[in-house]
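Data block below; observations after.
The values are calculated or read from the model by the stated rules, or taken from the named source; none is laboratory data. The model shown is predicted, which means the values in this text are computed figures rather than measured ones. Because the Cβ atoms are built from the backbone with ideal geometry, glycine has one as well, and the counts that use them run over all protein chains shown.
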There are 2 protein chains.
Amino acid sequence: MDPEVLLRLKQIVGETKVLTKREHLFSYSYDASPLKLQISNLPGVVVLPQDARQVSEVIKLANEKGIPVIPRGAGSNVSGGTLPVADCIILSLNNMNRIIEIDPDNMLAVVEPGVINGDLQREAAKRGLFYPPDPQSAEFSTLGGNVAENAGGPRCLKYGVTRDYVLGLEVVLPSGEIISTGSRTLKNVTGYDITRLFVGSEGTLGVITRIILKLVPRPEATRIGLAVFQTMEAAAEAVARIGSSGLVPAMIEFLDQVYIRNIEEYSHIGFPLDAGAVLILAVDGDKEILDKQMNRMAEVCRDAGAAQIRIARDDAEAEEIMKARRAAFASMSRLNPTIIGEDFTVPRSKIPGMVAKIQEIARKQKIIIATVGHAGDGNLHATFSCDERDDQEMKRVEAAIDDLVEAALSFDGVITGEHGIGRLKAKYMNRQFGEGPLHLMKTIKQAMDPNGIMNPGVMFGES
Amino acid sequence: MDPEVLLRLKQIVGETKVLTKREHLFSYSYDASPLKLQISNLPGVVVLPQDARQVSEVIKLANEKGIPVIPRGAGSNVSGGTLPVADCIILSLNNMNRIIEIDPDNMLAVVEPGVINGDLQREAAKRGLFYPPDPQSAEFSTLGGNVAENAGGPRCLKYGVTRDYVLGLEVVLPSGEIISTGSRTLKNVTGYDITRLFVGSEGTLGVITRIILKLVPRPEATRIGLAVFQTMEAAAEAVARIGSSGLVPAMIEFLDQVYIRNIEEYSHIGFPLDAGAVLILAVDGDKEILDKQMNRMAEVCRDAGAAQIRIARDDAEAEEIMKARRAAFASMSRLNPTIIGEDFTVPRSKIPGMVAKIQEIARKQKIIIATVGHAGDGNLHATFSCDERDDQEMKRVEAAIDDLVEAALSFDGVITGEHGIGRLKAKYMNRQFGEGPLHLMKTIKQAMDPNGIMNPGVMFGES
């Protein structure tokens, strides 16, 4: 990195907030995606700004010199959204981690981008409020990252995704200009929806430096249940019937046979090893109706052929069921050293077709794929268990992902429901969209970031 | 209009779908806004396309010739979003009015832009489904217009605005290219949120030719109540307390003293004439808990000082209360020939301040302003009762609107919560936003519509 640039950066954020040692550069060079670091892509410098003004100065400098900037929170995204390009500036926002305000009267929170999702959830809960979006990474991912990736999670079926909670943003544009979007109000139709243009833009349009988030009243209580099915088809049928029953479940999570066996061997929760599929169900809201709702849901599952239904009698039992769900991904590491979590969403009615297709592809490519998912909204995570040292196998994994992309699209689905495009799926963007929408997205990117400094390569691939 | 252009238009949509008679041009030259038609601004032609291909051909022609295009549904917007500019093409989408599909399994509808909101609500209801956004214009406004304006309504407090229901769009871009955005899935993070960039873009970025809308299960039942307060402040206090009570009401509508008297004289519903404010309350969901929830809400109102509370015992009584609310705007026509419905939103906690300010401004400018609003989300409609033939009074109305803009902004509010910017509030955009966000919006407009043919003057004013 140009010594003059380093000097300027130190003047902006202070000597200790500019990291250039090789071990630092390595430490900020990976994320949770399966993409491997190319040593030739080591960043030039890691910068840890303290406020929007510092971010603005850094971006102005980068824009002037044409240096790529990769904004980064916890780096917990799995789509390669925060990987470095050679000699870039890694802009770590972890030091900007204050919950600036929780306003119970207007049910909103104002936070800096480095605040951990789980920390906000807990602070909101203390005031009887609820921040619903809960990606699996909630305990370590940052809200800035959640907004940049439009994070989802199991509660989205009832409560919506991150996008639905972002009322306003402060953003540093690629020019270095600091702007505020949105408002502290629930309704707002003043001009274009710039706020939601930034939500899910994966750091390619600017740097989020402040977030206004909507909060909702905390549901009085939650009831958790478990339904075990002999076949995948029966479970999918149950999901469809719950959907058309008029019930609004807080969660319908799905585990396939591969997962069931693996979790059972890992955590001994009591899943029958011959089960074809398991649904984890939740309802929340007023205490008085949860039993009724859960019983109706159980009845629907039974009608659809559930072999076994278990409704948690207390918090401990509920927690045990949820633990099994949370352990799913980690449990896969028992089988093989490498786990790759893929992410597709199909219309709910296409779940049986898509799950069958996943298993067909697994057989064809001779690899292990386990499927877990937020079945209520059609969001399926096909999880690959493989060994990255085995080049042959990794080629088959790649071919399988390719097949899965085709399958999801053939079912009117999308190539990612909540993980994002990042670098991992940039090559599939033209298959998701025709030329038109992609050209429009690139037109917007070009208009907003004419020098292409913001997270180059992410979303649109290398140009 | 250039005869060659007229000939081409007739070739595209057919002879009978191209209107050029002066009475036709007049008929398509107004909307529900108080802005008066300038005769010098008569459109050149009215075109009624039948499908996206025809829209595309019309737009291509307009783009080639640099002719302004004003897309138009029912013209029921109150912000001047569909007024003509001189020699423009009025593109009426009313003939594209098919409900293409209601998919109960995936809980979505696919519609053409000319479908009336109320028609979709009824069709959805037949299948046990619910399309919540319900602007006051629901019985005549089109869904295309609702999307272009991001329409709201009383149910938004619990259910969100139009934006929250748009899963995907087909749009004809200013180039004439037809693109599809979004998907039939609930979760989707593939690329920029182009869908929501078009929602609320007021016809300035393209023409919406198809809409995929999310539906939700129909609530089992609804309970409606009415709380009468001696003072505005007590009502506002009740709204705040309901907000922090953990209750999620389906609706909290607010009527001020001017409205109460006016409605009472008009419809004899039984409002006490000395009441300072009335709240109309609703809860919906599972039957078993509605009484509990409504009683709790009544208790909160009583604690906040409600003088009288009435809970509808049956549908007829509920309908009577709702009728009073719906009659509000029309009832104003008893006082003076001209009604202007203004629209501001403030954070809920700022309602008392904003309502007091509205009355202060009314006194200062010596005009009648009645306030009705969706109090739950801070969305207040200041309604002017005046006489457009009285130039002096209209100047005071204008000054009052100016004062109201300042007031809303001083309370961290926005200059429009659901009516849109249109031509009416374009001049206030720079007060709402600093230079930065406005410049960004113009950059996007310029990149997407370089010849500026789409609804020029709307949102950004005349250039």
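Residue by residue, here is whether (1) on the phi < 0 side of the Ramachandran plot; (2) touching a residue at least 12 places away in the same chain (Cβ under 8 Å); (3) among the β-branched types (Val, Ile, Thr) holds:
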site	(1), (2), (3)
B:Glu299	yes, no, no
B:Ala304	yes, yes, no
B:Asp315	yes, no, no
B:Ala327	yes, yes, no
B:Ile339	yes, yes, yes
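The rows are residues; the columns are (1) surrounded by fewer than 20 Cβ atoms within 10 Å (Cβ to Cβ); (2) out of contact with any Lys or Arg (no Cβ under 8 Å at 6 or more places or on another chain).
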residue: B:Gly353; (1), (2): yes, yes
residue: B:Ile367; (1), (2): yes, no
residue: B:His374; (1), (2): no, no
residue: B:Asn379; (1), (2): no, no
residue: B:Ser385; (1), (2): no, yes
residue: B:Asp391; (1), (2): yes, yes
residue: B:Lys395; (1), (2): yes, yes
residue: B:Glu398; (1), (2): yes, yes
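Put simply, of B:Phe271, B:Phe254 the only residue that is in contact (Cβ under 8 Å) with a residue 24 or more places away in the chain, crowded, with 17+ Cβ neighbours inside 10 Å and in a loop (DSSP other than H, G, I, E, B) is B:Phe271. Looking only at the stretch B:395-417, decide whether some residue is over 20 Å from B:Met354 (Cα atoms) and more than 14 Å from chain A (Cβ to nearest Cβ). Yes, the conditions are met somewhere in the stretch B:395-417.
Is it the case that A:Pro133 is assigned to a loop (DSSP other than H, G, I, E, B), touching an Asp or Glu at 6+ places or on another chain (Cβ under 9 Å) and without any contact (Cβ under 8 Å) to a residue 40 or more places away in the chain? Against the criterion (assigned to a loop (DSSP other than H, G, I, E, B), touching an Asp or Glu at 6+ places or on another chain (Cβ under 9 Å) and without any contact (Cβ under 8 Å) to a residue 40 or more places away in the chain), A:Pro133 qualifies.
Looking across the stretch B:166-221 at every residue that is in a helix (DSSP H, G or I) and more than 7 Å from chain A (Cβ to nearest Cβ), the one that is farthest from the chain's Cα centre (by Cα) is identified as B:Thr195. Within the stretch B:439-463, count every residue that is touching a residue at least 12 places away in the same chain (Cβ under 8 Å) and in a helix (DSSP H, G or I). Residues flagged as touching a residue at least 12 places away in the same chain (Cβ under 8 Å) and in a helix (DSSP H, G or I) within the stretch B:439-463 amount to 5.
Conditions tested, residue by residue: (1) assigned by the TED database to the domain that holds A:Gly80; (2) of a type in the set (D, E, K, R); (3) within 20 Å of A:Ile421 (Cβ to Cβ).
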site: A:Leu335; (1), (2), (3): no, no, no
site: A:Ile351; (1), (2), (3): no, no, no
site: A:Leu380; (1), (2), (3): no, no, yes
site: A:Lys395; (1), (2), (3): no, yes, no
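Against the test of being crowded, with 17+ Cβ neighbours inside 10 Å, in a helix (DSSP H, G or I) and at pLDDT 95 or above, the options B:Ala298, B:Ala236, B:Ala227, B:Ala240 yield a single qualifying residue, B:Ala298.
May I ask you to list the residues in the stretch A:1-15 that are part of a helix (DSSP H, G or I) and either modelled with pLDDT under 95 or surrounded by 14 or more Cβ atoms within 10 Å (Cβ to Cβ) (or both)? If the condition is that a residue be part of a helix (DSSP H, G or I) and either modelled with pLDDT under 95 or surrounded by 14 or more Cβ atoms within 10 Å (Cβ to Cβ) (or both), then A:Val5, A:Leu6, A:Arg8, A:Leu9, A:Lys10, A:Ile12, A:Val13 are the ones that fit. Is one or more of the residues making up the stretch B:438-460 of a type in the set (Phe, Trp, Tyr) and modelled with pLDDT under 95? Scanning the stretch B:438-460 turns up no residue that is of a type in the set (Phe, Trp, Tyr) and modelled with pLDDT under 95.
One line per residue, one yes/no per condition, for (1) of a type in the set (S, T, N, Q); (2) part of a strand (DSSP E or B); (3) over 19 Å from the mean Cα position of the chain (by Cα):
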residue	(1), (2), (3)
B:Arg326	no, no, no
B:Ile351	no, no, yes
B:Ala356	no, no, yes
B:Ile361	no, no, yes
B:Ile369	no, yes, yes
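Set side by side, the residues A:Gly191, A:Gly206, A:Gly182 differ, and just one is surrounded by fewer than 24 Cβ atoms within 10 Å (Cβ to Cβ) and more than 30 Å from A:Ala375 (Cα to Cα), which is A:Gly182.
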